1. Taking H placed 1.01 Å from N in the peptide plane, check which residues at least 5 places from residue 114 or on another chain put their amide H under 5 Å from its amide H.
2. P(r) tail for the range 122-189, what percent of Cα pairs lie past 21 Å?
3. Ranked highest first by the average count of other Cβ atoms within 10 Å around their residues, in what order do 75-82, 166-173 fall?
Amino acid sequence: MEPDSLDDGRCGQRPERPNSNVRPNHPCRTIIEFENHDATIHAGKAGATIDPVFVIAATNATLNAISAVVIARAYRQIRAGDVAGHRRGMLLAAGLQAVFLILYLTKSVLYGTTPFEGQAAIRLIYLVILGAHSLAASVTAPLVLVALVLGLRGRYDRHRRVARWAYPIWFFTSVTGPLTFVLLYGFGRPGYGVQALATGMGVQGLPEAVAAIGTTWGPFAGAGGIWTVPGLFLVRALAGIDPTLAALVRVVTWA
């Protein structure tokens with residue numbers, strides 16, 4: 001057995017790491033390296049590549065999406081007269097946004113901005129939404145802070161006046177955050193989303209990728225395609241509920 005082998009008979013064969021400069025003391029120990037914003041993780045036979053920028057961005061998008069739900073719920077609670085529930089919801093949303101801000105600043109300091117590398121038309125849409133999101137976020141922070149302080153101090157008249165502006169802007173920010181993430185990693189990053197699908201199918205560009213997806217996975221894939229098995233399940237589940245919808249599912253999925 002080689003001196004630097006990771007295999008002592010318990011973890012299988014040693015993963016190939018020609019460029020690795022990290023050697024674990026234990027054969028099952030996890031190796032984590034950061035190379036060009038990538039963290040390569042190997043544990044025994046299993047291996048995966050994780051982009052920390054993507055992880056942080058996905059976490060922030062999730063925090064924003066949860067915040068949007070919490071904010072909407074808190075708004076309904078105050079409209080129904082549930083002051084205590086409204087207070088809890090808004091404090092929770094503020095806490096989620098604080099975590100978001102910490103992660104966002106960390107990503108910005110360590111990795112900078114992430115460029116959009118995709119179709120020009122989609123890039124334009126992305127930049128417009130990103131600009132609106134950034135502007136709303138810069139206005140949201142002071143408005144939300146003032147509204148929270150006024151509400152916690154019981155100065156409800158002034159709290160309502162500020163919250164009348166803070167709520168829609170905050171909600172807009174929380175919704176457009178995940179949307180920019182979906183646009184960026186769905187259409188504007190090599191190795192992710194549509195570009196990854198296009199690469200795997202041997203085509204180039206968004207139109208070709210969509211066409212390939214439609215003919216490979218869509219209603220024209222034919223019987224035995226990727227949708228056939230779930231289609232059969234849905235047809236059986238819908239048969240006693242809505243026969244028309246069940247028939248439509250059968251046609252679309254070749255079930």
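Values quoted throughout were computed directly from the atomic coordinates according to the rules given, and no laboratory measurement underlies them. Nothing here was measured: the structure is a model prediction, and the numbers come from that model. A quick note on method: Cβ atoms are made from the backbone with ideal geometry, for glycine too, and the neighbour counts reach across all protein chains shown.
1. Placed amide hydrogens put nothing under 5 Å from residue 114.
2. On the way: 823 of 2278 pairs.
More than 21 Å apart: 36 percent of the Cα pairs in the range 122-189.
3. 166-173, 75-82
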